[in-house]
Amino acid sequence: MSTPDTLAPRWPVPSAPPVHDPVLFARAMRDMRLTWRARGILAELAVGYASGEAPAIGELVALTRDERLAAEGREAFRTAVGELRSLGYLTPDATTASASGVGARLVVDLAPAEDACLIPQPYGYGTVMDGG
């Protein structure tokens with residue numbers, strides 16, 4: 001009997017996660033401009049695949065409901081990817097883009113995290129440096 005754990009993965013699992021600036025990654029994961037779903041997709045694409053081995057977004061969207069284990073629907077996934085693209089976290093890989101952009105792989109860019117909208121720390125909490 002085969003279980004999802006015994007099957008070979010469709011996309012290779014990296015032996016070591018790709019190197020990203022940890023501060024930018026943390027800011028991206030706390031960027032309030034993104035929904036939780038979009039942050040999950042960004043995390044998956046940022047650390048789940050070796051450089052150049054990430055699936056095309058179309059390949060992820062095309063997974064059947066059984067393969068996705070009844071996760072969110074295709075339209076929800078597309079909407080979240082649209083969020084990431086609109087803020088610049090995902091950009092088309094110029095080497096794989098077709099004229100229409102269909103099937104293009106998307107490259108993770110954490111630079112937009114520099115402008116992340118973070119929840120400010122409430123006044124009176126945290127480290128206080130008063131020099132005394």
Item to complete: Would you tally the net charge around residue 72, using a Cβ to Cβ cut-off of less than 11 Å, leaving residue 72 out, and scoring K and R as +1, D and E as -1?
Response: +4
Worksheet entry | FRET E, pair residue 123, residue 66, Förster distance 35 Å, beta-carbon r, rounded to 0.05 | 0.10
Practice prompt. Tabulate in residue order the Karplus-calculated ³J(HN,Hα) for the range 110-120, using 6.51 cos²θ - 1.76 cosθ + 1.60 with θ = phi - 60°, rounded to whole Hz; enter x for Gly and Pro.
Written response: 8, 4, x, 5, 4, 9, 4, 8, 9, 6, x
Discussion item. Just to confirm a number: summing +1 for Lys and Arg and -1 for Asp and Glu over residues other than residue 18 whose beta-carbon lies under 13 angstrom from that of residue 18, what do you get?
Written reply: -4
Worksheet item: Given H placed 1.01 Å from N in the peptide plane, which residues other than close sequence neighbours of residue 107 have an amide H under 5 Å from its amide H?
Response: 91, 93
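Here, each number is a calculation from the coordinates, and none is a lab measurement. None of these values were measured; they are calculated from a predicted model. Virtual Cβ from ideal backbone geometry, glycine too; neighbours counted across all protein chains shown.
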